[in-house]
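Below is one structure, written out as structure tokens; the observations come after it.
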Amino acid sequence: MEIADKLAPLRALALRHADGGFTQTVLPRVGIATFPTPSEPIKGVFRPMMCMVLQGAKEANIGGQTLRYDEACYFVASLDLPASARIVRASPERPYICLTLAIDLDGLMALMPEVPLQREAQSAAFAVNPVSDELIAAWRRMLSLLDTPQDIAVLAPLAEREILYRLLQGPQGAALRQAASAGSRLAQVRRAIIWIKDHYAEPMRVEHLAALSGMSPASFHRHFKAATAMSPLQYQKNMRLQEARRLLLLHQDAARTAFAVGYESPSQFSREYARLFGLPPARDAVRLRGADEAAAAG
């Protein structure tokens, strides 16, 4: 049976319960995305998650690396990662359809003793992997619960556990295991990422992050870049600019925003913002507010 035929029941379920755009379902941590046309690149932060495309195709760019995923594969991120993503194949007749699951690292940790240990090679915190029949079946059991909401409280945790189990068995299992394990390299990198997210506006010293992660500066820099495809400084800059965009949408002016996210020079802030988002801060905020108003009116 072709992969498109195997996914047909899931597509029918998804379309029946999707509202258009992104739908956060009543299933814990499960979302459905449906879009009728390709999109421009959208900048944001990927949280630990999996994304399984049921129809169409998408591209994600993380640290200069581009990954494409469609009906034959699924995307997994095991750390918070600044990224850009765009839908590259969709039409009104065949819309882009995708299922997302926010990955519960505590749930992963509880499962790990039940999954045979894989070789813990150093790996990136993101990847695209071939979809399996077992993963499709697990998702079908999960999404079918939307038709019987009275069963969700009891059966959704079991379905989620099965999906996580299949992910741990898959090619990205080692990276997921490392992200959830306290003493692994990815977990050490994750400690640094948490610090950067909590202190993005403060000066950052790689030596401090290395000590926090329990590594030498050289080893920390190497492992951080291997996991995220970015240097710590590039990661911090991305997080600063993502927060700046959020503040601008709240109608804060560009100069105040620059200082709020840690820039000492508004002109440098404007240059780096335009380099990431394609427009200077004020013009980008006007464009985004206009898009939000149009979406609300529609």
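Structure notes:
- Answer residue from segment 120-135, given it is assigned to a loop (DSSP other than H, G, I, E, B) and within 18 Å of MET49 (Cα to Cα) and is modelled with the lowest pLDDT among those: SER123
- On the stretch given as segment 178-199, residues that are buried (at least 23 other Cβ atoms within 10 Å of the Cβ) and more than 14 Å from PHE224 (Cβ to Cβ) total 1.
- Pairs meeting the criteria (first residue in segment 125-153 and within 17 Å of THR100 (Cα to Cα), second residue of a type in the set (Lys, Arg), beta carbons under 6 Å, at least 6 apart or on different chains) are GLU134/ARG166; LEU135/ARG166; ILE136/LYS6; ALA138/ARG166.
- When we screen GLN234, GLN268, GLN252, GLN242 for residues that are polar (S, T, N, Q) and touching a Ser or Thr at 6+ places or on another chain (Cβ under 9 Å), the only hit is GLN234.
- Filtered by the rule that a residue be of a type in the set (Ser, Thr, Tyr) and either over 21 Å from LYS197 (Cβ atoms) or modelled with pLDDT of 95 or more (or both), segment 77-114 gives SER91, TYR96, THR100.
- Flag if ARG289 is at pLDDT 95 or above and either surrounded by fewer than 18 Cβ atoms within 10 Å (Cβ to Cβ) or of a type in the set (D, E, K, R) (or both): no
- Every test in (1) of a type outside the set (Gly, Ala, Ser); (2) outside any helix (DSSP H, G or I); (3) touching an Asp or Glu at 6+ places or on another chain (Cβ under 9 Å) is passed by MET230 save one, and that test is (3).
- Residue check, LEU67 surrounded by fewer than 22 Cβ atoms within 10 Å (Cβ to Cβ), in contact with an Asp or Glu (Cβ under 9 Å, 6 or more places away or on another chain) and of a type outside the set (Gly, Ala, Ser): yes
- All positions within segment 78-94 that are part of a loop (DSSP other than H, G, I, E, B) and among the basic types (Lys, Arg): ARG94
- Residue in segment 103-110 that is assigned to a helix (DSSP H, G or I) and farther than 28 Å from TYR200 by Cβ present: yes
- ARG89 vs. criteria touching a Phe, Trp or Tyr at 6+ places or on another chain (Cβ under 8 Å) and either free of Cβ contacts under 8 Å to residues at least 24 places away in the same chain or more than 17 Å from ILE136 (Cβ to Cβ) (or both): yes
- Residue pairs whose Cβ atoms lie under 9 Å apart, separated by 6 or more positions or on different chains, with the first residue in segment 160-172 and assigned by TED's automatic domain parsing to the domain that holds LEU145 and the second part of a loop (DSSP other than H, G, I, E, B) and hydrophobic (A, V, I, L, M, F, W, C), are GLU160/LEU27; LEU164/ILE103; TYR165/VAL115; LEU167/ILE103; LEU168/VAL115; GLN169/VAL115.
- When residues of segment 27-44 are limited to those that are hydrophobic (A, V, I, L, M, F, W, C) and under 21 Å from LEU108 (Cα atoms), the one surrounded by the fewest Cβ atoms within 10 Å (Cβ to Cβ): LEU27
- Evaluating LEU164 against the criteria (1) at pLDDT 90 or above; (2) out of contact with any Leu (no Cβ under 6 Å at 6 or more places or on another chain) leaves one unmet condition, (2).
The values are calculated or read from the model by the stated rules, or taken from the named source; none is laboratory data. Remember, predicted model here, so these are calculated numbers, not experimental data. No Cβ is skipped: glycine too gets one built from the backbone with ideal geometry, and neighbour counts run over all protein chains shown.
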